[in-house]
Structures are given as structure tokens and as C-alpha cells.
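Comments concern the structure below.
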Amino acid sequence: MIRALSIGVVSRALEKEIKRHARAIQVGSVRALNKTAVSVRAAASKEIRGTLNVKAAFVKKSLRIKRARRGALKSEISSIHQSIPLNQFSGVRPTKKGLSVKMRKDKARKLFNGAFIYQSVIFRRLSRSRLPIRPLYGPSVHAIFGERIERLVAIGDPILEKNLNREIAFALSK
């Protein structure tokens, strides 16, 4: 009788220990996924700014992170499907013919005939008359993000492995 009671006590203690470790591993995994998402967003911003001539703050605003939770062990980085207004590009230069804009670092400047700047926005007239006018846009962050997705996954894999090892070890040490 005594043996059965002691085995039941040991198995309950072992069960509690296993549950504690499982929760610690889950919490460590969530933290690792979220830290990896932030790191990959920074790498994506750097990749995008290697192609587009925009500021880091604008790229960071257009990349969204959906964070992991204990109930959903998945984090996502997505980009907004929105074209960039021409005034967000760093290389805007007025000329006699209109505005010259350096949108991509790997391509030449583009001249927008008849374009002008009004209240920090670049417009072009639709006809010879004064109105209507329309704002001008360049390529989107989403397009460049889509081109670089395989490269970003390759960057994220070792970061995730390093973060997982560190965060799980930390969670189990408590």
C-alpha cells in the first residue's frame, strides 16, 4: 500500500514539473518569435532602403508586425499595399521642366514634366487649366518587400534559432 501511494505522489510531482517546463518552453517560444519579428523587420527595412530612396521611419511605418501569443505561436510581418507619395523620397529636385525625383537607388532619376510642390505634396495638372490637379506617387514598399521575401526568410532563420535557444534557456532557468 505504501508503494502505491508514494508512486502516485511522485507521478503528480513529475506531472507538475512537466507542465511547468511546457509552459516555460511556450513562453520562451513566444518571446523568441516576437524578438525575431522585430529583427527581421529591421533587416527588411534595410533591404528596402537599399533599393528605394526613402527614410527608415517611413518604411518602418509601412511594415506591420502581428505578434505571437501563447494561443497562436506565429508572428507575421506584412507590408501595407500603398504607393509612396513622391514627397517621401529623398532626392526631389525642382527643374525648369518640372520635378526630378530619385526614387530607386538602382535606377536613374525620373523627370515629372509640369509637376510642382504645394504644401509638401507633389502634384501634376491633368490639363492646361488650373484645376484639376492630382498627387503623384512612386513604387510601393510592398512591391519591394515581395521581391525580397526569400532573402528575409534566410536572414530570419538563424536569428530565430539563436533567440529560441536563449529564451527557452532563460524561461527554464526561472
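Taking 7 Å along the Cα-to-C-beta vector as the label spot, tell me the LYS107-LYS61 distance in nanometres, rounded to one decimal.
Spacing of the two 7 Å Cα→Cβ label points: 2.3 nm.
On a 0 to 90° scale, report how tilted helix 149-173 is relative to the longest principal axis of the chain, with both axes built from alpha carbons and the result rounded to the nearest 10.
Compared with the principal axis, the helix lies near 30 degrees.
GNM on the chain, C-alpha springs below 10 Å: top fluctuator among VAL30, VAL121, VAL59?
VAL121
How high is the relative contact order of the chain, given as a whole-number percent (alpha carbon pairs under 8 Å, six or more residues apart)?
Numbers: 242 pairs, mean separation 45.5, N = 174.
Across the chain, relative contact order equals 26 percent.
Which of rounded, prolate or oblate describes the stretch 118-172 when judged by the alpha-carbon gyration tensor and an a/c cut-off of 1.5? All intermediate terms of the calculation are to be shown ahead of the outcome.
Working: a/c = 8.68, a/b = 3.56, b/c = 2.44.
Prolate is the answer for the stretch 118-172, as a/c is 1.5 or above and a/b outweighs b/c.
Report the relative contact order of the stretch 41-132, percent, no decimals, based on alpha-carbon pairs under 8 angstrom and at least 6 residues apart. Can you show the working numbers first?
Working: 127 pairs, mean separation 18.7, N = 92.
The normalised contact order for the stretch 41-132 reaches 20 percent.
State to the nearest 20 debye the size of the charge dipole of the chain about its Cα centre, where the only charges are +1 on K and R beta carbons and -1 on D and E beta carbons. Could the numbers behind the result be given before it?
Numbers: 39 positive and 10 negative charges, 180 e Å.
Value, rounded to 20: 860 debye.
Okay, helix-only estimate at 222 nm for the chain: each DSSP H run of n ≥ 4 adds -39500 (n - 2.57), divide by all residues, round to 500 deg cm²/dmol; what do you get?
On the way: 4 runs with 89 residues, N = 174.
Helix contribution divided over all residues of the chain: -18000 deg cm²/dmol.
Grab the beta carbon distance between SER100 and GLU150, set R0 = 35 Å, and tell me the FRET efficiency rounded to 0.05. Numbers along the way, then the final one.
Values: r = 33 Å, r/R0 = 0.95.
Computed FRET efficiency for SER100 and GLU150 comes out at 0.55.
Compute the FRET efficiency between VAL38 and ILE18 as 1/(1 + (r/R0)^6), taking r as their Cβ-Cβ distance and R0 = 30 Å, and round to the nearest 0.05. Before the final figure, lay out each step's value.
On the way: r = 31 Å, r/R0 = 1.03.
That gives a FRET efficiency of 0.45.
Using only the Cα atoms of the stretch 85-141, build the gyration tensor, take square roots of its eigenvalues as a ≥ b ≥ c, and label the shape rounded, prolate or oblate: rounded if a/c is under 1.5, else prolate if a/b is larger than b/c, else oblate.
Values: a/c = 2.08, a/b = 1.63, b/c = 1.27.
Since a/c reaches 1.5 and a/b is larger than b/c, the shape of the stretch 85-141 is classed as prolate.
For GLU161 and ARG124, calculate 0.36 nm times their separation in residues minus their Cα-Cα distance, and state this gained length in nm to one decimal.
On the way: separation 37, 0.36 × 37 = 13.32 nm, distance 4.98 nm.
Result for the pair: 8.3 nm of gain on full extension.
Compare VAL153, VAL101, VAL141 in a GNM of the chain, Cα atoms joined below 10 Å, and give the one with the largest fluctuation.
Ranking VAL153, VAL101, VAL141 by mean-square fluctuation puts VAL153 first.
With Cα extents along the principal axes in Å in mind, check (i) 56, 43, 30; (ii) 40, 39, 33; (iii) 101, 29, 22 and report the label derived from this structure.
This structure yields the entry labelled (iii).
Considering the chain as a Gaussian network with a 10 Å cut-off on Cα pairs, which listed residue, ILE122, ILE133, ILE77, attains the greatest mean-square fluctuation?
The residue that fluctuates most here is ILE133.
A short reminder: the numbers here are calculations on the coordinates, not readings from a lab. Small disclaimer: the values here were computed from a predicted structure and weren't measured. Every residue, glycine as well, gets a Cβ built from its backbone with ideal geometry; the counts of neighbours run over all protein chains shown.
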